[in-house]
1. Which residue is surrounded by the most Cβ atoms within 10 Å (Cβ to Cβ), if the candidates are limited to the stretch 294-321 and must be part of a helix (DSSP H, G or I) and in contact with a strand residue (DSSP E or B) (Cβ under 6 Å, 6 or more places away or on another chain)?
2. Can residue 338 be described as assigned by TED's automatic domain parsing to the domain that holds residue 256 and modelled with pLDDT under 90?
3. Is it the case, given these coordinates, that residue 240 is modelled with pLDDT under 85, surrounded by fewer than 16 Cβ atoms within 10 Å (Cβ to Cβ) and in a helix (DSSP H, G or I)?
4. Does residue 337 qualify as being closer than 14 Å to residue 246 by Cα and touching a residue at least 24 places away in the same chain (Cβ under 8 Å)?
5. For the stretch 460-496, give me each residue that is within 20 Å of residue 569 (Cα to Cα) and either without any contact (Cβ under 8 Å) to a residue 24 or more places away in the chain or in a loop (DSSP other than H, G, I, E, B) (or both).
6. Considering only residues that are under 54 Å from the mean Cα position of the chain (by Cα) and either at pLDDT 85 or above or surrounded by 18 or more Cβ atoms within 10 Å (Cβ to Cβ) (or both), which ones fall in the stretch 116-153?
7. Condition check: outside any helix (DSSP H, G or I), at pLDDT 70 or above and surrounded by 12 or more Cβ atoms within 10 Å (Cβ to Cβ). Does residue 384 satisfy that?
8. I'd like the full set of residues that are more than 14 Å from residue 311 (Cα to Cα), in contact with a strand residue (DSSP E or B) (Cβ under 8 Å, 6 or more places away or on another chain), assigned to a helix (DSSP H, G or I) and touching a residue at least 40 places away in the same chain (Cβ under 8 Å), limited to the stretch 244-289.
């Protein structure tokens, strides 16, 4: 769905949030003539300037009235006026012909060509209509004419389309034309009736002009508010369309009112297809708990501040955090909005924190046990060596003694691993180049007995030094353990490639959910047998090993050493597709222990 396609959804959500928009002119009888600028009118044409009466609508009525008035006078002169002179009939005919010529031309200009009628055009129309009404008044009796009140309609119509001074100018033209007809044309004096009529003309111009001015000011304010609301809706539509947080709104009848792109991706629902459709059953197929939260919020009108649900996806269930909000309505069930976010990364980081705590507890226990066991073991080994020196020591006893010494040495090495594990915290921070550490570690691993001819190790280093503050000995052990672990799982007779990447990271290459300042990345990837999914959760646990003969402390030491550098180590793997270990270290570790949160966001 494109951005332009999503805007109606955003507007619908805002309509639910804000309620029905304020009545725009054009929806009521008195306001039917007002439209605002910056948008289109209901017919699709451009709207006039803010607060201005729609001139084209008023002109349409003027055109109709003009034709009707001229046609009526002509019909009266020809058919009804028995005493009509040839001059009167000729005048009525000329008026009708002139109106039939000028009016269609004006209509074509303003309504067919949709040209904006400017002030000069309005004044020209006013002049013609003033002359037309005056001529008809003269034909129908002058001051005694029943058509004289048409001056009031003429003044009112043009005052609505012109500024206040324009209304007075039209009233002045009407007064002058009326006086000229009564005094000069009819040869009568300006009596009280005529004076009262002229006063009414001016009063109408003043009254209508003031009302029109006030309405225009109100329309201008309304236009500004509408423009701000329209801009707010557009901005909000952009925000809702681009934020990673999923937003879903269901109305009181259970129909989908809004679904932003993040929600479409999270729930796997097409917003265009389900808009205005009952969606609760479809949501139940995606998540058992989400419809229940929406219904509970709707029924009790109480928002859910924080809840955790699962959403079914093709790759399995995804944990999602949900907050709901009630979009209240005075009548009927309220609409409900659910704000959702995939919390898989957060859950993974929480597991890493718990794992770090478990490792710390095991480290303390390992240190205590190692010290308690190592001293008696040394005594046992020394005693057996003394017994071997005796001359009367039988051959079978010597064989048993050698077995005891061999197993004692193996146990001593295991205790040494325990002690190394318990002493992982970094103490000697200095400026290091990660590339040098990796090169040194690779030289050692290539000479290791486990690195057979079927193992290919490839290294890809950054072009510039990858410098950071760290403990050289600990980081050497990290790299060695990761690469050696990949070497040891490689099967003989099957070519296995191990790729090591060392690079300066940035926001694009840093693993999602990891918050490390100026990251330095080490990636160790192999195409070996991979790791079973049930083993991934335990791979950094002490004494857990998926390989026979391993102590299960190598990756535990890696995790503890990286955590000591305030970094994060992540693993991605699946059976038969190899594994990738990613170590993300800060260039400068935090100054205090409180700031060291393991590099986890």
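1. Within the stretch 294-321, the match that is surrounded by the most Cβ atoms within 10 Å (Cβ to Cβ) is 294.
2. no
3. Here the answer is no, as residue 240 does not meet what is asked.
4. Yes, satisfied.
5. 462, 466
6. Of everything in the stretch 116-153, those that are under 54 Å from the mean Cα position of the chain (by Cα) and either at pLDDT 85 or above or surrounded by 18 or more Cβ atoms within 10 Å (Cβ to Cβ) (or both) turn out to be 117, 118, 119, 120, 121, 122, 123, 124, 125, 126.
7. No, not satisfied.
8. 271
The values are calculated or read from the model by the stated rules, or taken from the named source; none is laboratory data. Note that the coordinates shown come from a computational prediction; the quantities given were computed from them, not determined experimentally. Glycine gets a Cβ as well: all are built from the backbone with ideal geometry, and neighbour counts include every protein chain shown.
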